[in-house]
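The values are calculated or read from the model by the stated rules, or taken from the named source; none is laboratory data. Quick caveat, the model's predicted, so the values are computed rather than measured. Neighbour counts are summed over all protein chains in view; Cβ atoms, including those assigned to glycine, are modelled from backbone coordinates with ideal geometry. For accessibility, only protein heavy atoms count, side chains too; no ligands or nucleic acids. Shrake-Rupley method; radii C 1.70, N 1.55, O 1.52, S 1.80 Å.
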Amino acid sequence: MTPLGTPRLILSPMTLAEAEQVAAGRPAEGARWAPDFPLPGEMRAAQRFLETCAGTGDPTPYGSYHVRRRDDGLLIGGAGFHGAPDENGHVTVGYGLVPSARGMGYASEALRALLRFTRDQGIACVHGDADLDNIASQHVMAAAGMRLVKEDALLKYYRIDWDGSTGQA
């Protein structure tokens with residue numbers, strides 16, 4: 001699959017070998033990782049990707065993507081989907097960047113790239129969530145056009161619909 005691009009980022013589908021390295025927290029020889037990569041969440045995402053591949057096969061294009069800066073090729077985080085679209089054409093998205101790459105708009109760029117991709121693929125709806133205290137992630141989803149639709153004791157839930165019923169594209 002062709003990587004997804006933004007002006008400053010390249011989102012490339014994670015391979016099995018890359019997922020094994022991230023899950024173990026050990027880069028391959030010559031790999032360009034930010035000094036604070038991977039975070040525990042990225043390691044868990046890589047492990048889930050490996051489990052999915054072993055159980056049902058490679059979920060690409062609805063799997064995990066590495067987020068790299070174009071200017072230096074440094075791996076600064078991950079973004080992607082929690083699985084293939086369901087029977088209603090809904091997917092759930094997630095993303096995370098290392099602390100050294102936060103506050104620069106990279107998360108917004110990565111999320112917008114994923115949302116464009118889903119719209120182009122005919123996906124009806126994209127879901128996302130953020131911890132109640134993760135204001136930055138809530139702002140990223142809202143800025144990308146996702147709307148807050150629900151809140152519980154732990155999370156705020158967002159979505160965007162490409163059919164016009166809830167969100168806006």
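Some values worked out for this structure:
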| read-out | value |
| --- | --- |
| Protein accessible area in region 1-102, 1.4 Å probe - carbon and sulfur % | 53 percent |
| Under-5 Å amide H pairs with ASP129, H placed in peptide plane, nonlocal only | TYR158 |
| Gain in span if fully extended, VAL149 to ASP36, counting 0.36 nm per residue against the direct Cα distance | 37.4 nm |
| Relative contact order [Cα under 8 Å, 6+ residues apart], the chain, whole percent | 18 percent |
| Theoretical FRET efficiency, 1/(1+(r/R0)^6), r = Cβ-Cβ of ASP133 and ASP71, R0 25 Å, to 0.05 | 0.20 |
| Calculated Rg and Dmax of the chain using C-alpha coordinates, Å | 15.3, 48 |
| Accessible solvent surface per residue of the chain, calculated while the other protein chains remain in place, 1.4 angstrom probe, Å² | 51 Å² |
| log10 of Debye I(q)/I(0), alpha-carbon scatterers only, for region 47-125 at 0.14 Å⁻¹ | -0.50 |
| Highest-first arrangement of 7-13, 86-92, where packing means the average Cβ count within 10 Å | 7-13, 86-92 |
